[in-house]
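Working notes, structure below.
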Amino acid sequence: MSVEWVPVVPGRAEIGSDNRSILFGGIGPKHMVEIRHRYSISKHPVAISEAEKLLDSKEASLASESEWKLALDQGAIFGDKEIEKLSDCCKGYYWGKALDGRSYSEDDWTFHIAKQWSSGKPTTRLLAKGSKETKFVRLVKVEDITEYITNPQRLPPNGDTARILKEEILIALFVGIIPSFVWAYFNASEGYIQTGWPGLVFGGLILGLFSMIFWRPKTTSYRLGRNCGMVKPNRGKLL
């Protein structure tokens, strides 16, 4: 078995999405990771059947999404049409994730994080637990770390639910409910608003929710301070 290994320089990378629309959004929140250990990564996805020997002997391990992304940013990895599985598992979000490059996994995880290549460019995929869809993985060989620190910097354990709820109420009001009443005022028969207002409110709510398919305000992203290394909320570009 021949695996072409490429060294990766320690550094920082951005992962995740700050877009929570259904059509254009991704796994959130968007965040920065910092990898301080040196490692080598397989230049191309490796067939699972070929990777098993290296994995069983512990000569290599599955790449974490953080290691994968830093390698991608450095132009170290490539793919063709493969779907490659990484070591990270999630429930559809990154809350509570350690930001030092280690694999992200929760006890009651639902999805494996994978990357699908098309025309030389990758996109993120979520593979359901037990899925046999992919036959490829990405391998790494870590050179100078024996174990991770006990208390790494982490993302908050959950999102700002109150803020999102306020956003949804305002969106429903200004995108759906108010336009519905304005339309009824100019186009509906006299007295319709007085008798049909529950339908206008309900229709406005549906319209507000429907807009989630295409658009939602960007969610808070998180970065690591350049000097202190602490996790900080950030609404601009992380790097």
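Every condition in (1) surrounded by 14 or more Cβ atoms within 10 Å (Cβ to Cβ); (2) within 21 Å of the chain's Cα centre (by Cα) holds for residue 233 except the one numbered (1). The residue pairs whose first member lies in the range 192-212 and is under 10 Å from residue 181 (Cα atoms), whose second member is among the aromatic types (Phe, Trp, Tyr), and whose beta carbons are closer than 7 Å, counting only pairs six or more residues apart or on different chains, are 193/181; 193/185; 200/181. So, residue 204, is that one under 24 Å from residue 18 (Cβ atoms), not basic (Lys, Arg) and not assigned by TED's automatic domain parsing to the domain that holds residue 24 or not? In short, no. Restricting attention to the range 1-33, which residues are loosely packed, with under 15 Cβ neighbours inside 10 Å and either among the hydroxyl-bearing types (Ser, Thr, Tyr) or assigned to a loop (DSSP other than H, G, I, E, B) (or both)? Those that are loosely packed, with under 15 Cβ neighbours inside 10 Å and either among the hydroxyl-bearing types (Ser, Thr, Tyr) or assigned to a loop (DSSP other than H, G, I, E, B) (or both): 1, 2, 4, 9, 10, 22, 23, 24. Just one of (1) more than 19 Å from residue 153 (Cβ to Cβ); (2) modelled with pLDDT of 95 or more fails for residue 81. It is (2). Of the helices (runs of 4 or more DSSP H) lying entirely inside the range 155-239, the ones with 2 or more residues being of a type in the set (Gly, Ala, Ser) are found at 178-187, 192-210.
The values are calculated or read from the model by the stated rules, or taken from the named source; none is laboratory data. No experiment lies behind these values; they were computed from the predicted model shown. Note that each Cβ is placed from the backbone with ideal geometry, even for glycine, and that neighbours are counted across all protein chains shown.
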